[in-house]
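Have a look at the structure below, then the notes.
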Amino acid sequence: MSLPVLLPQPRSVDEKEGTFTITEGTRIVTDRPELGDYLASVLRPATGYEFAVSAGAAAEGDIVLEINAEAASSTGNQAEAYRLVVDGRNAIIDAPADAGLFAGIQTLRQLLPAEIESRTPASARWEVSAVTIVDAPRFAYRGVMLDIARHFFGVDTIMQLIDNVAAYKINHLHLHLSDDQGWRIEIPGWPELTRSGAESQVGGGDGGFLTTSDYEQIVHYAASRFITVVPEIDMPGHTNAAMVAYPELAPEGAKIAPYTGIAVGFSSFSIEADVTYRFIDDVVGHIASLTPGPFFHLGGDESLATKDEDYCTFMSRASRIVTSHGKTPVGWLEIGTCADLAPGTVGQYWSYRVPQDGADDQAVSIVRQGGALILSPADAVYLDIMPESGFRLGLEWTGAPTPLSQVADWDPATLVPSVGEENILGIEAPLWTETVETAADIDALIFPRLLAVADMAWADAVSDSETRVRALLPRLDAAGVQYGPA
Ligand code: TNX
């Protein structure tokens with residue numbers, strides 16, 4: 001039996017003689033019941049087996065998940081490191097921490113036939129080749145972004161996305177929660193945000209918003225899949241919807257009406273008004289209190305309606321509001337034009353694979369101010385860029401489509417020549433939703449290209465990313481993911 005393609009590519013894979021077979025009697029033995037239940041929930045639908053989860057001693061035929069501090073000695077002391085040892089008797093995952101066990105579970109899934117991903121009973125021989133895998137990620141931050149402002153998507157769609165991406169070891173979900181076209185999260189004391197501010201979207205549909213409990217549910221579900229939610233409230237531009245709700249946030253005399261087009265760069269908060277900063281303090285404070293992860297994203301992109309001299313005054317203040325609520329600020333790369341950010345502010349690179357218009361200087365400025373970078377080069381990992389010309393969804397402002405073959409065709413360590421790997425948190429693939437209206441549209445743009453991103457964000461060096469991703473398509477098929485061109 002030969003090993004299937006594993007994606008992301010593990011650090012070391014040592015194939016052995018023999019096979020382990022999952023049967024009706026296979027139990028999951030672990031003293032981490034939540035992880036055991038999760039693994040059972042992954043394996044049950046296709047196999048139809050029970051997968052009793054229990055603590056105690058393992059017998060032949062069992063799958064074992066165990067915390068083992070020593071596993072760190074062979075993998076490096078990383079939270080997501082794990083070992084997976086399969087022989088004729090057992091499949092055993094051990095790791096220094098739960099996040100590593102979760103990562104190891106995803107690898108075990110891929111050692112089984114693709115039919116394991118079916119949500120209804122499937123027939124296959126549930127066999128796994130004997131193997132020893134020792135694995136840990138290259139980058140700590142492996143993200144995907146969903147824009148729920150241009151078109152609104154609710155809890156169910158977001159939870160489905162979380163499950164679909166967790167299978168490929170994506171561990172951050174950035175939610176773009178506000179833009180010109182809509183404000184998408186409830187904030188106590190500012191009720192108009194989710195009335196007039198949320199009733200529009202691109203093309204004039206109904207819009208919508210997440211209640212506090214919706215957002216809590218998402219954060220909780222994401223955490224159960226070891227995914228950190230990164231909330232973004234975009235400012236001082238991309239704020240038309242907030243100003244529809246509260247015109248006092250706008251510069252004097254500005255005319256504010258709901259916006260349902262897809263232009264950018266026409267809105268700005270008032271930089272002088274005190275109410276602007278009271279508002280930001282309330283918004284950041286509320287969302288930060290609901291968000292267990294360390295980050296709060298302030299946007300800061302394309303603030304073309306904000307005067308240059310005002311932009312940095314604003315970003316100095318706004319980034320410090322974020323740190324005052326205990327979070328690390330993140331901003332799109334333009335924040336690197338400012339020299340007085342809160343120390344440690346993270347920058348999200350969204351220029352091209354060859355830096356344009358001073359993007360390299362902006363990246364360096366962020367690193368000098370103590371921040372790291374999240375890399376999202378637009379002509380590689382912007383998943384809203386069409387996968388092929390004429391595709392029914394997506395934009396093409398990068399000048400050309402982004403086919404699967406291009407997604408991993410760059411090197412994170414040399415993207416910005418003077419920013420080395422030690423200053424790179426990781427890679428994130430954004431999905432802006434100007435053209436995206438349904439959950440099926442999300443699948444069609446995110447998959448399979450996100451797999452190439454997941455591969456390069458986890459693995460030390462991957463070659464032939466396109467062929468590797470194609471090998472995984474039967475798994476996406478079995479899982480019912482309606483992926484786009486590959
Ligand atoms: C640029 S990239 C934007 C978004 C658009 C996107 C469309 C960035 C930080 N801002 O406002 O939705 O292009 O691809």
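The values are calculated or read from the model by the stated rules, or taken from the named source; none is laboratory data. Note that the structure is predicted; figures quoted are calculated from it, not measured. Every residue, glycine as well, gets a Cβ built from its backbone with ideal geometry; the counts of neighbours run over all protein chains shown.
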Residues located in region 428-463, provided they are within 18 Å of the chain's Cα centre (by Cα) and within 15 Å of the ligand (Cβ to nearest atom): GLU428, ALA429, PRO430, LEU431, TRP432, THR433, VAL436, ASP441, ILE442, LEU445, ILE446, ARG449
Residue in region 24-35 that is in a helix (DSSP H, G or I), surrounded by fewer than 17 Cβ atoms within 10 Å (Cβ to Cβ), under 29 Å from the mean Cα position of the chain (by Cα) and not assigned by TED's automatic domain parsing to the domain that holds ALA408 present: yes
Where GLU334 falls short, out of the listed (1) in contact with a strand residue (DSSP E or B) (Cβ under 7 Å, 6 or more places away or on another chain); (2) crowded, with 18+ Cβ neighbours inside 10 Å: (1)
Some residue of region 267-278 being in the same structural domain as GLY208 (by TED's automatic domain parsing), more than 19 Å from GLU186 (Cα to Cα), within 16 Å of the ligand (Cβ to nearest atom) and within 26 Å of the chain's Cα centre (by Cα): no
Only listed residue being within 27 Å of SER303 (Cα to Cα) and crowded, with 21+ Cβ neighbours inside 10 Å, chosen from LEU161, LEU146: LEU146
Residue that is nearest to the chain's Cα centre (by Cα) [pool: residues in region 405-423 that are surrounded by 21 or more Cβ atoms within 10 Å (Cβ to Cβ) and either of a type in the set (Phe, Trp, Tyr) or over 13 Å from MET456 (Cα atoms) (or both)]: LEU415
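For (1) part of a loop (DSSP other than H, G, I, E, B); (2) touching a residue at least 12 places away in the same chain (Cβ under 8 Å); (3) within 21 Å of the chain's Cα centre (by Cα); (4) buried (at least 23 other Cβ atoms within 10 Å of the Cβ), each residue gets a yes or a no:
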position: VAL64; (1), (2), (3), (4): no, yes, no, no
position: ILE93; (1), (2), (3), (4): no, yes, no, yes
position: THR107; (1), (2), (3), (4): no, yes, yes, no
position: ALA122; (1), (2), (3), (4): yes, yes, no, no
Tally of residues being within 10 Å of SER365 (Cβ to Cβ) and within 24 Å of the chain's Cα centre (by Cα) across region 326-344: 3
Residue within region 248-261 that is under 20 Å from the mean Cα position of the chain (by Cα) and either closer than 17 Å to HIS174 by Cα or assigned to a helix (DSSP H, G or I) (or both) present: no
Scan of region 214-247 for residues that are assigned to a loop (DSSP other than H, G, I, E, B), in contact (Cβ under 8 Å) with a residue 60 or more places away in the chain, away from the ligand (no atom under 16 Å from the Cβ) and not aliphatic (A, V, I, L, M), ordered by number: ARG225, PHE226
Hey, MET159 under 21 Å from ASP441 (Cα atoms) and touching a Pro at 6+ places or on another chain (Cβ under 6 Å) or not: no
Close pairs (9 angstrom Cβ cut-off, 6 or more residues apart or separate chains): on the phi > 0 side of the Ramachandran plot in region 279-293, among the hydroxyl-bearing types (Ser, Thr, Tyr) anywhere: none
From VAL244, VAL230, residue being under 14 Å from the mean Cα position of the chain (by Cα) and under 23 Å from GLY285 (Cβ atoms): VAL230
Hits in region 125-171 - residues which are assigned to a strand (DSSP E or B), farther than 17 Å from TRP432 by Cα and either within 16 Å of the ligand (Cβ to nearest atom) or of a type in the set (Ser, Thr, Tyr) (or both): SER129, THR132, TYR141
